[in-house]
Amino acid sequence: MKISNILRLALFSTALALTACRSHKDVVKDSTSVVFNPIQDELLSRVDKQAQRGTVFVGSKLKFSVSMGSKKMSLSGNLRMKRDDVIRLQLMALGLVEAARMEFTKDYVLFIDRINKQYLKAPYADIEFMRNSGINFNTLQALFWNELFQPGKDKITNEDMKHFTTSGLDKDEAIINFEEHDDGLKSKMYYSWIVNNQTGRIKLTNIQHRDQKHGNTQLNWEYRDYKKLGSKLFPCDMGVTLTTPKKEVKLDVKLSSLNNDDDWDARTRVSSRYREVDFDEIMERIMAL
């Protein structure tokens, strides 16, 4: 995979928002060790209760750094989210003027380069790495909000919970697993969460795509600190690591000044003066900021 492609993936994970953590083999246990019992149901219930379903709007200031090998860059900006509707990342030039914007809705991805007056607006299926990894709005929201998710589902019901399995690490931590595969493609998607046994808060989310032909790719999303937002805690310090067969990209994300401000338009209108471009061109411009 070319360096430009790796950097595009890292920046995407920002808007969605990546310290290296445990490898997937440390997270996912062999299926023979999984046991279904009341303890499992209690654990899943504790994790589910941590979800911020009563919160509609979340806003914050944002600082993040991206590194790949010897290359590193730091950026600042703002993050605004409306539950089940939109995730918006604004990148600032010199901390004063908005230089770029990324907006994720349920139906499309919008990237705006304000410096060069160009944009991209496309459904998730039209962006190759998002389509291949199965990432959509619901996945991104769950990662930012520190919640469980099931691919292809808008919400997790009690019936859906039966498709998750659990296994214990120790008295303080437990593992929740979910997997899906396509035998025709000889590839599998694995989803794992390391959670605090006592609080039910997710400490690490791992998404891995195993491909016999092209090699494995995995995303680790680690939660390192929380701050109070309403009656619950919200993740404010996250470390994300994206590992491909050839490269590794790390992203540190820090949120501050959490708020529930709802005084903003949930959809960005693109000026007619902006030129529509393809994904490669706009990401190359944004990475050059």
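Observations on the structure shown:
- Of the listed residues ILE39, ILE112, ILE135, the order by accessible area with a 1.4 Å probe, largest first, is ILE39, ILE135, ILE112.
- Accessible-area composition of segment 109-251, carbon plus sulfur, in percent [1.4 Å probe]: 45
- Quotient of C-alpha Rg and 2.2 N^0.38 Å, computed over segment 83-123: 1.22
- Pairs exceeding 20 Å between alpha-carbon atoms, taken from LYS82/LYS203; LYS61/LYS227; LYS63/LYS232; LYS82/LYS228: LYS82/LYS203; LYS63/LYS232.
- Sorting ARG83, ARG131, ARG269 on solvent-accessible area from highest to lowest, probe radius 1.4 Å, gives ARG269, ARG131, ARG83.
The values are calculated or read from the model by the stated rules, or taken from the named source; none is laboratory data. Predicted model only: the values in this text are computed from it and were never measured. For the accessible areas, the whole protein counts, side chains as well, though only heavy atoms, and no ligand, DNA or RNA atoms are used. Shrake-Rupley method; radii C 1.70, N 1.55, O 1.52, S 1.80 Å.
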